[in-house]
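Beneath this line is the structure, given in structure tokens, with notes to follow.
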């Protein structure tokens, strides 16, 4: 059976190799990373989709700003769940904070009259996100607002836990401050929301927040347990 990309490789090997590599080097490949490769991939989407499905049983996911490959099954039983490099949070409060971040993202999009079609990405202050998280936790768990979900606790134990993960998996990107400002307060750091944020349905996940609220009084543990 002929390789779906065989003919294309003969005429455009360098770009085929580049497209295959960028899809496996990071969780998401963005148009802004390399527009030439992105548009080449999009132009030959069917061939790449057939290649990944035939040889890897992977699914190519591609929209106007973002591309990734998705697999449904792990084939090496010796690799345990804890050894797999997957995006996610194991602690319940960190999961809740991520859900609230998605809510915050959607609210900010609405307030700024932005849509997924806009070329510019949403940008926000870390302090604004912190204030939103503190308010949401207080709304869901008012009896714990001054203790378990105080501003200091949320900042130190939740934000500082989830933000590096979101940066690593390319959901958010901190923007360097203007040089003339010098060192700035943590709350003033500006983050840019990257296209992967659009792949989550904040409204559906918000319903999960309410369903989870009843377990808040229980000791927080590993969700894998």
Exercise. Please state which one of 122, 140, 133 is over 23 Å from residue 188 (Cβ atoms) and not assigned by TED's automatic domain parsing to the domain that holds residue 29.
Key: 140
Quiz item: Taking residue 23, is it in contact (Cβ under 8 Å) with a residue 40 or more places away in the chain and in contact with a strand residue (DSSP E or B) (Cβ under 8 Å, 6 or more places away or on another chain)?
Solution: yes
Practice problem: Run residue 10 past the list (1) at pLDDT below 95; (2) in a helix (DSSP H, G or I); (3) surrounded by 15 or more Cβ atoms within 10 Å (Cβ to Cβ) and report the number of the one that doesn't hold. | Solution: (3)
Practice problem: Any chance you could count how many residues in the range 46-67 are under 21 Å from residue 116 (Cα atoms) and either exposed (fewer than 15 other Cβ atoms within 10 Å of the Cβ) or in the same structural domain as residue 118 (by TED's automatic domain parsing) (or both)? | Solution: 3
Quiz item: In the set 122, 96, which member is more than 30 Å from residue 31 (Cβ to Cβ), buried (at least 17 other Cβ atoms within 10 Å of the Cβ) and within 15 Å of the chain's Cα centre (by Cα)?
Solution: 96
Quiz item: Going by the conditions given, is residue 187 surrounded by 10 or more Cβ atoms within 10 Å (Cβ to Cβ), at pLDDT 95 or above and assigned to a helix (DSSP H, G or I)?
Solution: no
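The values are calculated or read from the model by the stated rules, or taken from the named source; none is laboratory data. The structure displayed is predicted, hence computed values, not measured ones. No Cβ is skipped: glycine too gets one built from the backbone with ideal geometry, and neighbour counts run over all protein chains shown.
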